[in-house]
Amino acid sequence: MIGTLFLYAYWPSFNAALGSGTFIHRASINTYLAIACSCTASIVVSKLIHHGKLNMEIVLNASVSGGVAVGSAADIIVSPAGSMIAGFITGCVSAYCFAYLSPFVKKHLVLHDTCGVFNLHAIPGVMGALISAIVASRIGETFGDNIADGGYTTAAQRTPYEQAGYQLAGLGVALGISCLL
């Protein structure tokens, strides 16, 4: 539990490290909210799966998945509800994957994920990439017409929908490289 508590305390600083000004605060708050909701979701799912008993392994591993999921969009998610929903959904998915997908993969594919990297980083990372594409496509509605004041300009001056496409293309490249390795 101590390692999870350290991650809970320090993960927001990872997500906010590259920000500036108020974006640091927004990223930290959104990360805390997402982690709190993913922790709550992992406890609920653990109790549902194990008939009212708490499986600490699921809670330890799935509780910080919300921080992974909002990492790429933590500073541009404006509504606290957005980061809370993302954290809760990611916590549920990650907990179910720890309970059901890991044993399936171990039995049928003879692969053992000793540290839960797939369920804690890969699945929430893919969900985070999808979240970042959704948020990027709506950035004009979020920050208004003057996006430059929000700190979100690019050398290419892409539209929000083009940027969402680039986010999805980045996900595809990352998945392609990870499948090759």
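Quick notes
- Placing a pseudo-label 7 Å from each Cα along the Cα-to-Cβ vector at VAL126 and THR22 gives an inter-label distance of 3.6 nm.
- Between ILE89, ILE77, ILE49, the residue with the greatest mean-square fluctuation in the GNM of the chain (Cα pairs under 10 Å linked by springs) is ILE49.
- VAL68 accessible area, 1.4 Å probe, all protein chains in place, Å² to nearest 10: 30 Å²
- With protein chains left intact and a 1.4 Å probe, residues in the range 1-145 average 52 Å² of accessible area per residue.
- Helix-derived mean residue ellipticity, 222 nm - over the chain, DSSP H n ≥ 4, -39500 (n - 2.57), to 500: -21000 deg cm²/dmol
- Taking a span of 27 Å or more along the helix axis (Cα atoms) and a mean Kyte-Doolittle hydropathy of at least 1.0 as the rule, the DSSP H helices of the chain that qualify are 22-49.
- Taken along its three principal axes, the alpha carbon spread of the range 53-116 comes to 42, 27, 15 Å, from the longest extent down to the shortest.
- Per-residue accessible area (protein heavy atoms, 1.4 Å probe) orders TYR161, TYR10 as TYR161, TYR10, starting from the largest.
- The range 1-106 - convex hull of alpha carbons, volume per residue in Å³: 88 Å³
- Accessible area of the chain belonging to carbon and sulfur atoms, whole % at 1.4 Å probe: 69 percent
- Candidate residues MET127, MET56, MET1: accessible-area rank, largest first, probe 1.4 Å: MET1, MET56, MET127
- Rolled with a 1.4 Å probe across the full set of protein chains, the surface gives HIS121 an accessible area near 80 Å².
- Hydrodynamic radius by Kirkwood, which averages 1/r over all alpha carbon pairs of the chain, in angstrom: 17.0 Å
- Each residue was assigned an accessible area with a 1.4 Å probe, and for ARG138 the value is about 120 Å².
The values are calculated or read from the model by the stated rules, or taken from the named source; none is laboratory data. All values derive from a computational prediction rather than experimental measurement. Every residue, glycine among them, receives a Cβ derived from its backbone with ideal geometry; neighbour counts consider all protein chains shown. In case anyone asks, the SASA skips ligands and DNA or RNA and just uses the protein heavy atoms, side chains included. Shrake-Rupley method; radii C 1.70, N 1.55, O 1.52, S 1.80 Å.
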